[in-house]
Amino acid sequence: MKQIKLLLTFLLFISFVPAFVLAQNEIERERISLEGLQEFGFTANIEGSRTIADSETLTPSVIRQDAINRLLNADLRYVADEEVHSSADIPFLYMHINAMEMENGLIPFSIELRLYQPVKLTLNRDMQTSASTWETGMVGLVSYDRLPVINQAAQNLLDTFIEDYHQSNRSRSRN
């Protein structure tokens, strides 16, 4: 009986190994997509209830300005919106925050941060378009008096992007 349990445990473990390898491979592909990028635009969108929309600390302009400052402090070149809109060749970061107030006063939220950049669709005669090549996100729950936690979470996701960008481009410069 012990041998059967041990064999089943081993087989179960072995069946999950490919999933772990594939997930790690996808993360590495996302990081590789950051190699050589020189500049970025940034845009933010917030969906929420009227109470959240009336908040002075959780607005697209506050999130956007903080993101721009973080990019510049990390020695990454920020590209103004007008330039990003006028060219399909400029990568941009898109942050989407969704926060809804529940009746009990709690606010569940989700944040997604994606990097969009120009890509060629090789199966479609090399048609050029934009696609998300890197992403991260998170979910959380706060009370209204802790709304700034959402801003901090957004900053943390941007810091994750900056770390991945620097890690990817450091390894590129060594090769």
Over the stretch 45-59, the set of residues under 14 Å from Ala153 (Cα atoms) and of a type outside the set (S, T, N, Q) is Ile46, Leu58
Cβ pairs under 7 Å, 6+ apart, first in the stretch 50-66 and touching a residue at least 40 places away in the same chain (Cβ under 8 Å), second hydrophobic (A, V, I, L, M, F, W, C) and assigned to a loop (DSSP other than H, G, I, E, B) | Ile52/Leu58; Ser55/Leu147; Thr57/Leu147; Leu58/Leu147
Would you please name the residue that is nearest to the chain's Cα centre (by Cα), looking only at residues in the stretch 163-172 that are modelled with pLDDT under 90 and of a type outside the set (Gly, Ala, Ser)?
-> Asn169
In the stretch 67-93, residue nearest to Ala154 (Cα to Cα) [restricted to those that are touching a residue at least 60 places away in the same chain (Cβ under 8 Å) and either more than 18 Å from the chain's Cα centre (by Cα) or buried (at least 16 other Cβ atoms within 10 Å of the Cβ) (or both)] = Ala67
Pair list, Cβ < 9 Å and 6+ apart or interchain, from the stretch 116-130 residues that are basic (Lys, Arg) to residues that are outside any helix (DSSP H, G or I) and open to solvent by 60 Å² or more (accessible area, probe 1.4 Å) = Lys120/Asp126; Lys120/Met127; Lys120/Gln128
Scanning the stretch 113-161 for residues that are within 28 Å of Thr51 (Cβ to Cβ) and of a type in the set (Ser, Thr, Tyr), the one most open to solvent (accessible area, probe 1.4 Å) turns out to be Tyr144
Tell me which residues, restricted to the stretch 138-162, are outside any helix (DSSP H, G or I) and either touching a Pro at 6+ places or on another chain (Cβ under 8 Å) or at pLDDT 95 or above (or both).
-> Met138, Val139, Gly140, Leu141
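Out of curiosity, is Ala131 outside any strand (DSSP E or B) and among the small types (Gly, Ala, Ser)? Spell out how you get there, then give the answer.
Details: outside any strand (DSSP E or B): no; among the small types (Gly, Ala, Ser): yes.
Criteria not met by Ala131.
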Residue tally, condition out of contact with any Phe, Trp or Tyr (no Cβ under 7 Å at 6 or more places or on another chain), under 15 Å from Thr136 (Cβ atoms) and open to solvent by 40 Å² or more (accessible area, probe 1.4 Å), over the stretch 94-109 | 0
Scan (1) closer than 29 Å to Gln128 by Cα; (2) modelled with pLDDT of 90 or more for the single condition Asn98 breaks and write down its number.
-> (1)
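The values are calculated or read from the model by the stated rules, or taken from the named source; none is laboratory data. Bear in mind that the values here come from a model prediction, so they are computed numbers and not experimental data. FYI the Cβ positions are ideal-geometry reconstructions off the backbone, even for glycines, and counts take in every protein chain you see. The accessibility values were calculated without ligands, DNA or RNA, using every heavy atom of the protein model including side chains. Shrake-Rupley method; radii C 1.70, N 1.55, O 1.52, S 1.80 Å.
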